[in-house]
Each structure stands twice: as C-alpha cells, then as structure tokens.
Amino acid sequence: DTGVSQDPRHKITKRGQNVTFRCDPISEHNRLYWYRQTLGQGPEFLTYFQNEAQLEKSRLLSDRFSAERPKGSFSTLEIQRTEQGDSAMYLCASSFASGYEQYFGPGTRLTVT
Amino acid sequence: AQSVTQPDIHITVSEGASLELRCNYSYGATPYLFWYVQSPGQGLQLLLKYFSGDTLVQGIKGFEAEFKRSQSSFNLRKPSVHWSDAAEYFCAVAFVGNSGYALNFGKGTSLLVTP
C-alpha cells in the first residue's frame, strides 16, 4: 500500500485559467474527501465521495469547483476561472466507509498569479 | 455550531522538555477526536484518535492525549520533545451526519523546538 497520492504537487496558474488536480486514494478505501488549507489555517472540508457518489458539498465549494470520482477509484477536482483567492493547498484523504480515520495525501499547492 | 479551538498559535519548547498542546471543542454529541501533525509542505499524519473507552490514548512517536468530557478538551502531550517534533499540530473533530465523518480542524499550533 503506497498511501494516498496526489498529482501535481505544485501548480502555478494565471488568474482565469482552469486547473485540475488528481487524487488516488488507498485502494481499499470507499470514502474520499477533499479539503482546502490556506496559510495559517487548518484544513477545511470541501466535499466527499462514497464510492462514485458525491454525497456532500460544503458551502465553500462554489460553482467554479467540480469534483468527480467516476469509477469509485481516483478523483479529480477542477477549478474553473481561477481567482487569486483560490491559492491554497488542496488535500485529499480517504477512509473506509465504516471508519473514522482519514489518511491524507501530500496535497497539491496551487498558486494563482 | 461545532468548533475546534487551539488556543496557542505558537509554542516553543526546549529539546528534552515536556510538551502539552491544548484543544477544546464545542460539539453537541460525543465527538470523535484526532490529532494530526503536518511537516512543512507535507500532508497530515495521524498521531492518535479517540472514539470511546479509555480516555487516555496512546499514539505514534511517543505522543498521548487525554479526553476530558467535563472540560470539552483533548490535549496532546509528550514527556520529552525531540528536535524532529518541530511541526504544525492540528486537533480535529469528526461530526457524524450528512458529511460522512468529515473532519473539522482547529487552526493549528506551530511547535518550535530549541536546542
């Protein structure tokens, strides 16, 4: 088991561009979570999937954000028309459906210039 | 509203000294409590967790935490700090409900270890 992986680790983009991040969870895990962490803050919940179903979205997830988990395995998080306020670390975590422990990936650091 | 408070933004400890990081929560039901550690530029690593039972829980790297329901606290402790413990520490609470145990994090405590 290689743990949760995320790609890319760093992304620099210009305001107005679209970006997409990928998360590969631990293979046996049913649940997959996305969080956003800004400088000096703890991570904030964005959305989660159980298998391929997106079951919850936070109010932080504006309509410029979309997440998918098409086959219940990896997930993508897309941000359209990026804004400078989107600059943050985007963290992915996974867990068993019956469990409470979440295992985090290394994150994707997004910088919007 | 549910909230997690870590009162100390920064803490400095001498290597070999003991450590206590504070965490208080506001939550309507019995929470599931966690401590995570984050090294610079890295994701979060789970140190320990409390779900039920014995209120003193042991974790990795020599850390322990004690759940005190009467004080709504879950403080993290280590008897002797090593220089490699310097990192950001986050307390988190799971809220059971529509969010499938999504975690609610405190703002973190940055630990500096001096020689």
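Read-outs: derived from the displayed coordinates by stated rules, not from any lab. Note that the structure is a prediction, hence the values are computed from the model and not measured. All Cβ positions, glycine included, derive from the backbone under ideal geometry; neighbour counts span all protein chains shown.
Taking all C-alpha pairs of segment B:6-49, those more than 13 Å from each other amount to 71 percent.
Under a Gaussian network description of chain B, with springs only between Cα atoms under 10 Å, the residue in B:Pro31, B:Pro79, B:Pro40 that fluctuates furthest is B:Pro40.
Checking the a/c ratio against 1.5 first, then a/b against b/c, what shape does the Cα gyration tensor give for chain A? Note, shape of chain A comes out prolate. Computed log10 I(q)/I(0) for chain B at 0.13, 0.17, 0.18 Å⁻¹: -0.46, -0.78, -0.87, from the Debye equation with unit scatterers placed on every C-alpha and solvent omitted. Ordered by the number of other Cβ atoms lying within 10 Å of each residue's own Cβ, fewest first, A:Arg9, A:Arg109, A:Arg81 fall into the sequence A:Arg81, A:Arg9, A:Arg109. For an R0 of 25 angstrom, estimate the FRET efficiency from the Cβ-Cβ distance between B:Arg77 and A:Asn30 and round to the nearest 0.05. For B:Arg77 and A:Asn30, the calculated efficiency is 0.15. Net charge in the neighbourhood of A:Val19 (other residues with Cβ under 15 Å of its Cβ; Lys, Arg +1, Asp, Glu -1) is +4. Label separation (B:Glu66 vs A:Thr2): 4.3 nm, computed from points 7 Å beyond Cα along the C-beta direction. Within the straight-line cut-off of under 19 Å between alpha carbons, the aspartates and glutamates reachable from A:Lys71 are A:Asp7, A:Asp24, A:Glu28, A:Glu52, A:Glu56, sequence neighbours fewer than 8 places apart in one chain being disregarded. If you run the Gaussian network model on chain A, springs between alpha carbon atoms under 10 Å, then out of A:Ile79, A:Ile12, A:Ile26 the most flexible one is A:Ile12.
Can you tell me, using C-alpha contacts under 8 Å and at least 6 residues apart, the relative contact order of chain B as a whole percent?
On the way: 275 pairs, mean separation 41.1, N = 115.
Relative contact order, chain B: 36 percent.
A Cβ-based charge dipole, computed about the Cα centre of chain B with Lys and Arg at +1 and Asp and Glu at -1, lands at about 220 debye. Inter-chain Cβ neighbour count for A:92-101, averaged per residue, equals 3 (cutoff 10 Å, partner chain atoms only).
Per-peptide packing, taken as the mean over residues of other Cβ atoms within 10 Å, places B:54-65, A:45-56 in the sequence A:45-56, B:54-65 from highest down. Using a Gaussian network model on chain A with a 10 Å cutoff between Cα atoms, which of A:Lys57, A:Lys11, A:Lys71 fluctuates the most? Checking each option, the largest mean-square fluctuation is seen for A:Lys71.
Relative contact order for chain A: 37 percent, from Cα pairs under 8 Å spaced at least 6 residues apart, divided by residue count.
Counting Lys and Arg as +1 and Asp and Glu as -1, what is the net charge of the other residues whose Cβ lies under 11 Å from the Cβ of A:Thr76? Can you show the working numbers first?
Details: positive: A:Arg22, A:Arg69; negative: A:Asp7, A:Asp24, A:Glu68, A:Glu78.
Charge balance in the 11 Å sphere: -2.
A Cβ-based charge dipole, computed about the Cα centre of chain A with Lys and Arg at +1 and Asp and Glu at -1, lands at about 460 debye. Can you list the aspartates and glutamates whose alpha carbon is less than 20 Å from that of B:Lys68, not counting same-chain residues fewer than 8 positions off? Within the straight-line cut-off, B:Lys68 pairs with B:Asp8, B:Glu20, B:Asp54.
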